[in-house]
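Here the structure comes first, spelled out in structure tokens, and everything after it is commentary.
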Amino acid sequence: MALTRFTDIFAWVWRRLQGKPPVPFSALYKKFKGILERHNTILELIGDMGDKLGGDYVFDRQYILDSCERLGDQVFKLISDLNLLCQGKNVALFTAFERIQFRVREELAGRRVLSRTDHILPLSELTHDLADEGGNKMTSLGDIKNILGFNTPDGFVVTAGAYFEAMQRAGLRKPVAETIRALCASGGQDLAEQARALRQSIMDMPLPRELCRAVEQAARGLAGDKPLFLAVRSSAWDEDSESSFAGMYETVLGVAPADILPAYRRVLASLFCEEALRYRLHHELCAEEPAMAVGVMPMVDALVSGGLYTYAPLQEQDQAMVVSAAWGLGKPIVDGTAETDTYILRREPPHELLSSDIADKSTRLVLDASGGTRTEAVPEAERATPCLSAAQLTLLAKTAMALEHFFKRPLDVEWAITPEGGLVVLQARPLSIRPNACAQTVDASEAVKGVPVLISGRGVTAMGGVSAGPVHLMTEGEDLADFPYGAILVSRHSSPRYAKVMPKCRGIITDVGSATGHMATIARELRVPTLVQTGSATRTLREGQEITLDADHQVVYEGVVDALCRFELVREDVFEESWEYRTLKRVLKHISPLTLLDPKSDAFAPESCRTFHDIARYVHQRAVDKLGSLAETHRELRDSAPRRLVTKLPLGLTVIDVEGGLDPAAGEDANESDIRCRPLKALMEGMNVSGMWETSPVAVDMGSFMSSVTKTFGAEASHPSRMGRNLAVISREYLNLHLRLGYHFTVVDAFLGGSVNDNSIAFRFMGGVTDLSRRSRRASLVAGILEQFDFMVEIKGDMVTGRIKKHPTRTMLEKMFMLGCLIGYTRQLDAKLDSEGAVALYMDLFLQRITALRETRE
């Protein structure tokens, strides 16, 4: 249509500016509820998949495929729901979804996905999160160094990604995979000949030029300006894990930096040695492509070397560890070609020496000054001398037990002692043997008879298992970097930020929390015994108190119950050898870890989502934020004519009911008895209760009054559309309340639905009729009371913000009742707070009153 008149042009431009009519708030609210339901479904799916790794359930390939398909579908729809709620496209979130979905599908197809593309990774950056890049052996050493803080050699790893790139460029990756599949199909026919051919092809293949430069540069960097020889060690996929491949791959010792590339080739080629291929066939690992990362470390000039088994049961009643030691380097010891001293020690502190067998050690392996190693004679006076002192044995035992607690299984530890007396951990791998308790049929309950019980029958198991250690009570805002290794974390609330310390802690106990929440999901992934929703653990347990947590049976015992801890170690892990277990474990790396921990951080963004769990966390947080924003700014609510709510107190409150918040029979002037909104009803009950609403006038000096009159409120705290009326946007489960009482402003945003994961309350309070110092004192009082009721609190000037979530609905309704009491109690209290002592006085008075009210209500 031709636009010939100015008014037509103006009308056309206005319509374009206005855009489409807004989606009704009621429709957006229903979409929000749908997001919460889908979010919970996703957490339940992730939790179920994590539970399967615990060993208590049988599952097959189809379960993994179906679960991944359902999960991907739910996450995609969750993002779509957020787009509809926010009325905008979220391209970055869909991009993150596609990236993660691709990785999951690659893992299901047997093609592992690497999160880092670097050819070289320093040991200082390695942890178990990079096992696919660095291999199990080197990433375990990274955990020992970077998480536990024990002394290991420095070094770096040439990644599995570098191996794949070299194989791809040489045109070998596909032929090698086909050869291995053919060997599996034939049952290993001509295996020795095929192994020789594969190894030779690796020795002959050209290495990419940029890879050669990177490896040589890293080796020179380790050596620096001083002469140094290197150990070049295998760190293959599955090596030193559930499938050990122990001793099958090559280690090259005493390598000069200039000779690093030939040694690197030798280790790569050992991936296809006859023994390793035969082991792969026997353990049915044919469906998985092998890969070799290679660790490079300075040689440790060892005075003494050896191995240690953390569990060497000799008799059913006498659990012990065994240490083997010899002079010089450790290779002859692990090869079984050296005479060694053997020590048997108790596992329990102080690790009493039970027996020792001192061998005649005639030779030792040492570093050769020209490179490599050489065997030399041990001086006559040292041959029959014990290699280790009592202090060194104790240090070894303590270190090994700390490693066992971290890896949660018996271990085979390789170690060395330097000429200066320092202990260096060289390697730690799972020990295939199990304690004699494996064969026992005694009920574990017999072991705890007579042991004092601190908590029993309370709480919900988020991750089963047994652990023991000292209690560490987490305080609000505590720096997680200071968390003591080996402690059991005890906290009021569950929090996904505890993921940072889970590798260091032996267990988690919380007063409140959900077994399907974010923290519980991470605990299952890392196998940290976790008990949530105990109600009073922080009041029952003391800082530093030694306890034993039996999360399976919701019991906490006083002291360390050794029998229960041993029982935990005897669980068989045969199922971990299966394709299903290994595949599910790899897939979950792209599903269950949570890296988006702090909504206030700049990194809390779609681009930072690395897993489906991250996406679910991001969408949930944004949906909650968006609903609160819509309740304050939506055009339909801003321009509507809400109903007046007739209340017992002079609130002047109006309400907009979007879904079931009022009795359907309520008139234009609704009464308090018409309220069906659960959070508003509980809040009103608290405001109406006798003794909380202050009615007597208070004296205010002119300076304080002028201070309040000239005070400027921020846009967030006092939306212009809210300054003129007290308004509640309600549904049966939801409340968004803006309440102005004189010069006091309160905002409450609460959702109390059926699921613990969805329950949340946000409370904001500011203003007053006095000077800033008195208003700040009242802010301190309000914050202190909120903290007493488990709120996470922030104070900015005289504004207090409190948040709480993931408590059971009944508990959250009690919190709303308390907030109603608090609003009435503190309405004019700033005028009375003329000193810090008054703050403490009035806080105690409120707590006494609320305690009495709670007892009456119960």
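Table for the structure above
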{"read-out": "Rounded Å value of the spacing that divides the Cα centres of the stretch 577-615 and the stretch 252-301", "value": "30"}
{"read-out": "FRET efficiency, LEU114 to ALA838 (Cβ-Cβ, R0 51 Å, nearest 0.05)", "value": "0.25"}
{"read-out": "Residue-averaged 222 nm ellipticity for the chain, from DSSP H runs of 4+ at -39500 (n - 2.57), nearest 500", "value": "-12500 deg cm²/dmol"}
{"read-out": "Environment charge of GLN392, counting only residues whose C-beta is closer than 13 Å and scoring Lys/Arg +1, Asp/Glu -1", "value": "-1"}
{"read-out": "Solvent-accessible area, 1.4 Å probe, carbon plus sulfur percent, for the chain", "value": "51"}
{"read-out": "C-alpha long axis of helix 6-18 to longest principal axis of the chain, angle in °", "value": "50"}
{"read-out": "Cross-link table LYS89/LYS681; LYS600/LYS832; LYS33/LYS796; LYS681/LYS805; LYS30/LYS648; LYS30/LYS626, entries beyond 25 Å C-alpha to C-alpha", "value": "LYS89/LYS681; LYS600/LYS832; LYS33/LYS796; LYS30/LYS648"}
{"read-out": "For the chain: accessible area per residue (Å², 1.4 Å)", "value": "43"}
{"read-out": "Rounded tilt (10° steps) of 91-108 against the dominant C-alpha axis of the chain", "value": "30"}
{"read-out": "Spherically averaged projected area of the stretch 745-805 from its Cα convex hull (nm²)", "value": "4.0"}
{"read-out": "Sorted peptide list for 617-628, 175-186, criterion being average Cβ within 10 angstrom, highest first", "value": "617-628, 175-186"}
{"read-out": "Karplus-derived 3J(HN,Hα), 6.51/-1.76/1.60, for each residue of the stretch 824-829, Hz, glycine and proline x", "value": "x, 5, 9, 3, 10, 6"}
{"read-out": "Option label - Rg/Rh (Cα atoms, Kirkwood Rh) computed here, alternatives [x] 0.96; [y] 1.05; [z] 0.99", "value": "[y]"}
{"read-out": "Burial ranking of peptide ranges 188-196, 783-791, 592-600 (average Cβ count within 10 Å, highest at the top)", "value": "783-791, 592-600, 188-196"}
{"read-out": "For the stretch 457-466, Karplus couplings with θ = phi - 60° (6.51, -1.76, 1.60), whole Hz, Gly/Pro x", "value": "x, 10, x, 10, 6, 8, 8, x, x, 10"}
{"read-out": "Rounded Å value of the spacing that divides the Cα centres of the stretch 368-383 and the stretch 78-108", "value": "62"}
{"read-out": "Interchain or long-range residues, amide H under 5 Å from GLN427's placed H", "value": "GLU414"}
{"read-out": "Extension reserve of the GLU668-ASP51 stretch, reckoned as 0.36 nm per residue once the Cα distance is removed", "value": "216.9 nm"}
{"read-out": "Inter-centroid distance (Cα atoms) of the stretch 392-427 relative to the stretch 479-530, Å", "value": "26"}
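The values are calculated or read from the model by the stated rules, or taken from the named source; none is laboratory data. Predicted model only: the values in this text are computed from it and were never measured. Every residue, glycine as well, gets a Cβ built from its backbone with ideal geometry; the counts of neighbours run over all protein chains shown. The protein model used for the area step is the full one, side chains on, heavy atoms only, and it has no ligands, DNA or RNA in it. Shrake-Rupley method; radii C 1.70, N 1.55, O 1.52, S 1.80 Å.
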